[in-house]
Amino acid sequence: MKMAKMGMKAKTLLIPASLLIPESLLVSNSLGLQHCADWLVMRMAAALRLTCAALLCLTLLGLSFSPAALAQNAPEVGLDSLVIVTATGSHTFSVEVMRTDEERAKGLMFRRFMPKDRGMLFDFKREDNVAMWMKNTYLPLDMVFISRAGIVVNVAQNTEPLSERIIPSGAPTYAVLEVNAGTAKAIGLKSGDRVQHSLFAK
């Protein structure tokens, strides 16, 4: 904002140029002091509106570039797309894939939240009878046991958080998908349904 100086004895007062009363108003006898006051009030109101608009813009910009907003709009890095095909249709999830012993051992331990369209896929590298548990896992889960061909062979629904009870696959399994508890029921998932992911043979 451009500023103008007005001398006042020993002090200098800075007044926005937009609020300076034009000389034509000061010397015009026809307008009078009331007109000058009205003009000044209008100019101050206009300056206030501009200031509020500027503050609103800065606030909106701050929200747009806040860490939370950036995280929300960021692309899903490190997630694979997985589709479960049931009698109710095709259901797409974004999944983390656990491929190493260390990753499979940790799984979803200690996590307190997972979006409803997310999941974790455990790649066991070979088809065999496997077992899972819920040690240090705070989220109730549905566990989907899947064959090498991508066929669901068993579903363990609503597993108990923090439990060390062994949950067997019940059939040779190549991978296990963990999703939020209630998902299997919501999409009508059952043994014999198909899971589409690059992990499984086509």
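Sparse packing (at most 10 other Cβ atoms within 10 Å of the Cβ) combined with a DSSP loop state is found for the following chymotrypsin sites (Phe, Trp or Tyr not before Pro) in region 102-142: F110, F113. Oblate is the label for region 73-132, because the ratio a/c of its alpha-carbon gyration tensor axes (a ≥ b ≥ c) is 1.5 or higher and a/b is not greater than b/c. Take the Cα radius of gyration of region 104-202 and divide it by 2.2 N^0.38 Å, N being the number of residues; the result is 0.99.
No value in this document is a laboratory result; all are computed from the given coordinates. What you see is a predicted model; the values in this text were computed from it and never measured. Counting neighbours? That spans all protein chains shown, and the Cβs are built from the backbone with ideal geometry, glycine included.
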